[in-house]
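Peer 1: Dropping a structure here in structure tokens format, bear with me for questions.
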Amino acid sequence: MLLINCPYCEETLPELEFAYAGEAHIDRPADPSALTDEEWRDFLFIRTNARGTHFERWRHIGCGRFFNAARDTVSDRFLTTYKAGQPRPDLKEAAE
Amino acid sequence: MNRYRIPGRGRVDHDAPVSFTFDGKSYQGLRGDTVASALLANGVHLMGRSFKYHRPRGAVTAGSEEPNALIGTSRGPGRFEPNTRATMQELRQGLVTESQNKWPRLSFDIGAVNDRAYMLFSAGFYYKTFMWPRSFWDKVYEPFIRAAAGLGKSPSEEDPDTYASRYLHTDVLVVGAGPAGIAAAHSAALAGARVVLVDENSEMGGSILSDPSVRVDKAGSWTWLASRLAELRALGVRMMTRTTAIGYYHQNMVALCERLTDHLDDLPQDAPRERMWRVRAQQVILAQGALEKPLVFDGNDRPGVMLAGAAQTYLNRYGVRVGDNVAVLTSHDSAWYAAFDLADAGSRIAAIIDTRDDLRADLANAAATRGIRVLKGHTATGTKGRLRIASVRVNPVAGGRVGKPAKIACDALLMSGGWTPSLHLFSHTKGSLAWDADSKTFLPDHKTEACQIAGAGRGLWGYEAALVDGNAAGMAAVKAMGLTISEGRFEVEGDRPGTGSSQKELPTDRSAGKAKAFVDFQNDVTAKDLRLAVREGMRSIEHVKRYTTNGMATDQGKMSNINGLMIAADALGKEPPQVGLTTFRPPYTPTSFGAFAGYMRGETFQLTRKTPIDGWAEAHGAAFEPVAQWRRAWYFPQPGEDMHAAVARECRATRASVGIFDASTLGKIEVAGPDAVEFMNRMYTNPWTKLGIGRCRYGLLLGEDGFIRDDGVIGRMSPDLFHVTTTTGGAARVLNMMEDYLQTEWPDLNVWLTSTTEQWATIALNGPNARKVLEPLVDGLDLSGAAFPHMSVAECSVAGLPARLFRLSFTGELGFEINVPARHGLTLWNALMESGKAYDICPYGTETMHVLRAEKGYIIVGQDTDGTVTPQDAGLTWAIGKKKPDFVGKRSLERPDLVTSGRKQLVGLLTEDGSKLEEGAQIVLDPNQPKPMKMVGHVTSSYDCGTLGYPIAMAVIEGGHDRMGETVHIPMPGGIQRAKITSTVFYDPDGERLKA
Ligand SMILES: [Zn+2]
């Protein structure tokens, strides 16, 4: 079972307390009606499916907050977690 | 006294006899015995029949890797356990055991005919033998496979035992309490770390328990062991025996299964049988030792043939000689020590047959001193003896040629094909392995977890090496935690180091194709099977494994993996590391379902949510149904009524006068804040800006993909407060979705979301007399149709309780939903029942609710929709706020796939003959078309009783909205039903009754 750090609670807690919530940094377009069918399809369905570092969203069921994480999909290891709305972190820094 | 027991020898208690039965016959063993050691002490080697060929088999090991000696054990009703390893089951008074896979009896078995039909059951036989003729499948093959499949009998009664589960956090977890594990735990504990030491056996010591002759720190090894264990205890190390580390998971979580009662004579009151531990350790030390490999030759499975290390364990730990006249066949030095110990204990050693040409001089001398005949550079090519080995056939091998055979009489044959480091747990972590060409074994390489591997588990051999390495592993573990400790020193005398060579199957002078040279004993896989698999085109070791089932038995190939690999690699003409090893998966050893389930069984398997009115419903004879996690009253049968009659009565009563319904399970969310109306506009399809205070509206929620996710009536309590209801099963999902948008897409909105599902009890009153029942109880509100019309909401007092009162209807009748604080739910229910007496108020359940709503064509999200239904498909276009610039899912409603024609649309169905349709039944347009027919939709809801006197149904049908009045066909096993497509509104289409 993974241990996950909630950036809001600042606690590292077992995976049981968290729910996965899909890929991160996919912003809902401000004006969906301005998008072509293809652009809207990409927003809805097209995902990175990364082998390696994957930026994704999780929800801490305990505090209810959604946050972002970088996880290695090969080793299944969390590289870092950060609050919703923050930019992708520099992972070289996170590795240290 | 047992014939093969040496008085006073071993760790068993010679003054404590224990009686048990095996296949109905009584035997006596000693306290400390396993079933296997006790049977061997009685001269019994035959313990079971093999899975496929029903060949007679005996214990081949003395540990948890045992593939053969699987028995059924029992201690009274419900406590029968199949496939218990006789080598692990400790003896207890009155233990009842039985052998498996035999009929009519162990010594004479009809199924052994399979053995004669050996050619039929070769590799891939499942895929070949049962192919044809087709007509044989039902009557011959399937019954045969079913009878043959599975090991042992499965228990037929509910397990009366309880199982516990616990969490444990520690600095260092040491798995395996042999010399390496003990040394590791010692140094880690001395350094000040919290240490847990676990071992699957009944006592700690590992290989030391089988080697009392070695001396450590100037004491006999058993004396050293006792004092070292006492020291660990004094240092506060948590020591757990009978505890198997079954799985190694992410971030150093290890699952342990602790067996608590199977070894006890009497069951303690209320004690759990097993306990599952979830341990999180900063550092894990794997000191699981190594597993001895069999040698692969014709007849290597005959009872009396066993691993040399096992014989040494039976002798030294249990005081049991496995035979009077013992032959030893080996390719590793370790088996020589077993021969010496047995010779010194009074057994005759018929010969030591070593496959190697170069022998260690000290071993050869020690054999000569004891007068033991030594054959070097030899192979074994067969064994004889019906239910027990009587002789072994051996041949010299020179320059690759197998010479003339000779027969050596024996009543036991000890074999050793060297040792395999036990790396199962390490493999669970995806730790990589590296092939060591010298020892021909895989050794741990790259680690993925914070762990250390010590001793024989990384290929080190001999006591001193294991102790030194364990000590170092303990130091390394605590160093990673910032603790230090100086190096421990060990003085070992009489150490038993050794080396050996790994083999494919031994060379033979006979036809290799006829040899029954077993690689996987439990699944009856031979060397021939593996070679056949390669000949038939299997190239990957994973394919070879599945085709032959090698390593797929409950022992997961603990004994067979490396032998199988050596043979497959040879057949493929590759080096073993190029072929690779199959994957080990948890659990390390078979684990009971009870241990996994723990407390999660029966009523605690899943949470059951109950409403405040649940107790009343139960007392009034309600039948219940589960809805999401709720237990809901389904219908209220009166004496003599079945479900059909009860539901028909409830429907009639509600439409004629008044019905009362517990709707407390409805999801409820409070949406509050200055931006609440904007938030609602963005989430739901409907427009909310102009919804007046005190008014409510049907709300429709889509996913961003445009499909219906949920619905419910939503009331505006004040400018900045909405009372949202959701479906019973959708409450948590809807709140999660709202939170997601609020937190991550629109964090600028000033809105608060609160689940209030369990804060409100909700009671629905429906029927023409609903107002008359409610009115006398209401304070502070005019309930008249003019003052409080359909789709109104207000805060008021009902039966003296603070209430949120909705006027709405899910039945098509005049209806109210009264919300009061949950703790008052039952009070309100009783008050309404009392007030309703004059109108024959009728409590109804979910089934009547379903019928009444279906008569009105109200959908149930999740029943009439399935996640691919748009508002347009469901006929709910009216619920969309078309002037709104955006809402969740709006853009998707213009996706090409969603505006195309021929989508499945929700319609009503009426059968021509008045028969009822089956929910889920498929619909076709032309019943005469060739099969497979084109299915154009399915029935989503169907009810056969209600107000109308004939059954009604709803269905989704391709282009259904344009097919009104058309006839469709529903092919069923009993014939084809014909039905007419209608509107979904079957009752009171103009909604006159709502307006009352
Ligand atoms: Zn949190």
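The values are calculated or read from the model by the stated rules, or taken from the named source; none is laboratory data. What you see is a predicted model, and the numbers here were worked out from it, not measured in a lab. FYI the Cβ positions are ideal-geometry reconstructions off the backbone, even for glycines, and counts take in every protein chain you see. Note: accessible area is taken over every heavy atom of the protein model, side chains too, but ligands, DNA and RNA are not part of it. Shrake-Rupley method; radii C 1.70, N 1.55, O 1.52, S 1.80 Å.
Residues checked against (1) farther than 30 Å from B:Arg652 by Cβ; (2) without any contact (Cβ under 8 Å) to a residue 60 or more places away in the chain; (3) more than 14 Å from chain A (Cβ to nearest Cβ):
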position	(1), (2), (3)
B:Leu721	yes, yes, yes
B:Val724	yes, yes, yes
B:Thr727	no, no, yes
B:Thr757	yes, no, yes
B:Asp782	yes, yes, yes
B:Ala794	yes, no, yes
B:Phe806	no, no, yes
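Peer 1: Name the residues in segment A:44-62 that are loosely packed, with under 13 Cβ neighbours inside 10 Å and more than 10 Å from every other protein chain (Cβ to nearest Cβ), would you?
Peer 2: A:Ile46, A:Arg47, A:Asn49, A:Arg51, A:Gly52
Peer 1: Against the definition (closer than 25 Å to B:Arg895 by Cβ and more than 16 Å from the ligand (Cβ to nearest atom)), how does A:Ala50 come out, yes or no?
Peer 2: No; evaluated as a whole, the condition is false for this residue.
Peer 1: While we're here: Can you find even one residue in segment B:461-468 that is at positive phi and open to solvent by less than 30 Å² (accessible area, probe 1.4 Å)?
Peer 2: There is at least one residue in segment B:461-468 that is at positive phi and open to solvent by less than 30 Å² (accessible area, probe 1.4 Å).
Peer 1: Is it the case that some residue within segment A:26-38 is within 15 Å of the ligand (Cβ to nearest atom), closer than 17 Å to B:Glu745 by Cβ and open to solvent by less than 60 Å² (accessible area, probe 1.4 Å)?
Peer 2: no
Peer 1: Filter segment B:682-717 down to the residues that are within 45 Å of the chain's Cα centre (by Cα), open to solvent by 20 Å² or more (accessible area, probe 1.4 Å) and more than 14 Å from chain A (Cβ to nearest Cβ) and list them by number.
Peer 2: Result: B:Tyr698, B:Arg709, B:Val713.
Peer 1: Further question: So which residues in segment A:63-82 are more than 13 Å from the ligand (Cβ to nearest atom) and either assigned to a loop (DSSP other than H, G, I, E, B) or surrounded by fewer than 16 Cβ atoms within 10 Å (Cβ to Cβ) (or both)?
Peer 2: Listed by number, the residues that qualify are A:Asp72, A:Thr73, A:Val74, A:Ser75, A:Asp76, A:Arg77.
Peer 1: Right, something else. So is A:Arg41 at the interface with chain B (Cβ under 9 Å from one of its Cβ atoms), over 23 Å from B:Leu735 (Cβ atoms), in contact with a strand residue (DSSP E or B) (Cβ under 9 Å, 6 or more places away or on another chain) and surrounded by 12 or more Cβ atoms within 10 Å (Cβ to Cβ) or not?
Peer 2: In short, no.
Peer 1: Scan segment A:87-94 and tell me whether some residue there is within 13 Å of another protein chain (Cβ to nearest Cβ) and open to solvent by less than 50 Å² (accessible area, probe 1.4 Å). I'd like the intermediate steps shown before the answer.
Peer 2: Taking segment A:87-94 and keeping what is within 13 Å of another protein chain (Cβ to nearest Cβ), we get none.
Within segment A:87-94, none of the residues are within 13 Å of another protein chain (Cβ to nearest Cβ) and open to solvent by less than 50 Å² (accessible area, probe 1.4 Å).
A quick yes/no check of all residues on (1) under 25 Å from B:Met849 (Cβ atoms); (2) modelled with pLDDT of 95 or more:
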position: B:Ser942; (1), (2): yes, yes
position: B:Cys945; (1), (2): yes, no
position: B:Tyr950; (1), (2): yes, no
position: B:Asp962; (1), (2): no, yes
position: B:Ser983; (1), (2): yes, yes
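Peer 1: Which count do you get for residues in segment B:799-840 that are within 27 Å of B:Val985 (Cβ to Cβ), aliphatic (A, V, I, L, M) and either outside the structural domain of B:Thr757 (by TED's automatic domain parsing) or out of contact with any Asp or Glu (no Cβ under 9 Å at 6 or more places or on another chain) (or both)?
Peer 2: Qualifying residue count for the region: 2.
Table: residues versus (1) within 14 Å of chain A (Cβ to nearest Cβ); (2) without any contact (Cβ under 8 Å) to a residue 40 or more places away in the chain.
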{"position": "B:Pro871", "(1), (2)": "no, no"}
{"position": "B:Glu894", "(1), (2)": "yes, yes"}
{"position": "B:Asp897", "(1), (2)": "yes, yes"}
{"position": "B:Gly908", "(1), (2)": "no, no"}
{"position": "B:Asp913", "(1), (2)": "no, no"}
{"position": "B:Gly920", "(1), (2)": "no, yes"}
{"position": "B:Lys931", "(1), (2)": "no, yes"}
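Peer 1: Could you please give the count of residues in segment B:474-489 that are modelled with pLDDT of 95 or more, open to solvent by less than 50 Å² (accessible area, probe 1.4 Å) and of a type outside the set (A, V, I, L, M)?
Peer 2: 1
Peer 1: May I pose another question? Mind checking which residues of segment B:499-514 are in a loop (DSSP other than H, G, I, E, B) and either at pLDDT below 90 or open to solvent by 60 Å² or more (accessible area, probe 1.4 Å) (or both)?
Peer 2: Within segment B:499-514, B:Thr499, B:Ser501, B:Ser502, B:Gln503, B:Lys504, B:Asp509, B:Arg510, B:Ser511 meet the criteria.
Peer 1: What are the residues in segment A:9-25 that are within 16 Å of the ligand (Cβ to nearest atom) and open to solvent by less than 60 Å² (accessible area, probe 1.4 Å), if any?
Peer 2: Scanning segment A:9-25 gives A:Cys9, A:Leu13, A:Pro14, A:Phe18, A:Ala19, A:Ala21.
Peer 1: For segment B:40-152, please list each of the strands (runs of 3 or more DSSP E) lying entirely inside it that holds at least 2 residues being at pLDDT 90 or above and open to solvent by 50 Å² or more (accessible area, probe 1.4 Å).
Peer 2: Fully inside segment B:40-152 and qualifying: B:95-99.
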